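Working notes, beginning with the structure itself.
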Amino acid sequence: IDAERDMTWVVVNDPIPAGATHVGTGLARDSALLAAGGATGEGPAPVFIERAFDGFHAYYDFVPKGRFTIEYTMRPSQAGRFALPPTRVEALYAPDVFGEIPNATVEVAP
């Protein structure tokens, strides 16, 4: 994420392929090794993380100007080619301030 200026209350909405699940949710089937990291990255830490069936959502109370990354682990469970909507970063209370980046097609081999 490349923030052009300091901003408060920002959300990152990153879609995941249909049928995929998040690793690190605390469910019994999670791999202990994969779940240990949770959501990581370089830069500010999110104040809340939502692992929804359609994507990964990270909420920040403050994002400083500059570049940072966030990473998470998901497990695909269906073979196929998946076209995803763009990843979107937006200011929650300033709807005109947002950024999008297209996602490449995800291909999961059987």
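Details
- Applying a threshold of 9 Å to beta carbon distances and a minimum spacing of six or more residues, or different chains, the list of pairs starting in region 94-105 at a residue that is among the charged types (D, E, K, R) and ending at one that is surrounded by 12 or more Cβ atoms within 10 Å (Cβ to Cβ) reads Glu100/Pro85; Glu100/Pro86; Glu100/Thr87; Glu100/Arg88; Glu100/Val89; Glu100/Glu90.
- Number of residues in region 67-85 that are in contact with a strand residue (DSSP E or B) (Cβ under 6 Å, 6 or more places away or on another chain), open to solvent by less than 60 Å² (accessible area, probe 1.4 Å) and more than 25 Å from Pro110 (Cβ to Cβ): the value is 1.
The values are calculated or read from the model by the stated rules, or taken from the named source; none is laboratory data. Owing to the predicted nature of the structure, the values given are computational and were not obtained by experimental measurement. Backbone-built Cβ (ideal geometry, glycine too); neighbour counts: all protein chains shown. Each accessible area value is taken on the protein alone, full model and side chains, heavy atoms only, with ligands, DNA and RNA left out. Shrake-Rupley method; radii C 1.70, N 1.55, O 1.52, S 1.80 Å.
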